[in-house]
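Scroll down for the structure; my scribbles are underneath it.
Readers should treat all values here as calculations from the given coordinates under stated rules, not as data from a laboratory. In this text the structure is predicted, and so the values were computed from the model without any measurement. Virtual Cβ from ideal backbone geometry, glycine too; neighbours counted across all protein chains shown.
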Amino acid sequence: MAKTAAKKHDETNASKLDFEAALARLEEIVEKLDDGNLPLAQSLALFKEGTGLAKRCRDLLSAAELAVNKALDGARSDGEGELDDEEAGEDEDGA
């Protein structure tokens, strides 16, 4: 039961981190695991925390990608008529 509570606590902490903080913590975990000097139980706990942080980073990157695409779509639709007019003017000059 305590393990479940600890897992939920780690997931809750990870879900509150911004991208930079989650990535920094993930890098710390990778360094500790790369050293190979940890007991198995601690390595496993860090691995689980790391997978949660990696998921958080992926989720934040996906959300950022959607926001960028939405902004680009908005910019394209806002300026669509203007671009068409400019392009038409360029075609007339070239013809």
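Remarks
- Within the shell defined by Cβ-Cβ distances under 14 Å, the residues around Phe19 carry a net charge of 0, with Lys and Arg each +1 and Asp and Glu each -1.
- Placing a label point 7 Å from the Cα of Asp78 along the Cα-to-Cβ direction, no residue of the range 29-62 has its backbone N under 18 Å from that point.
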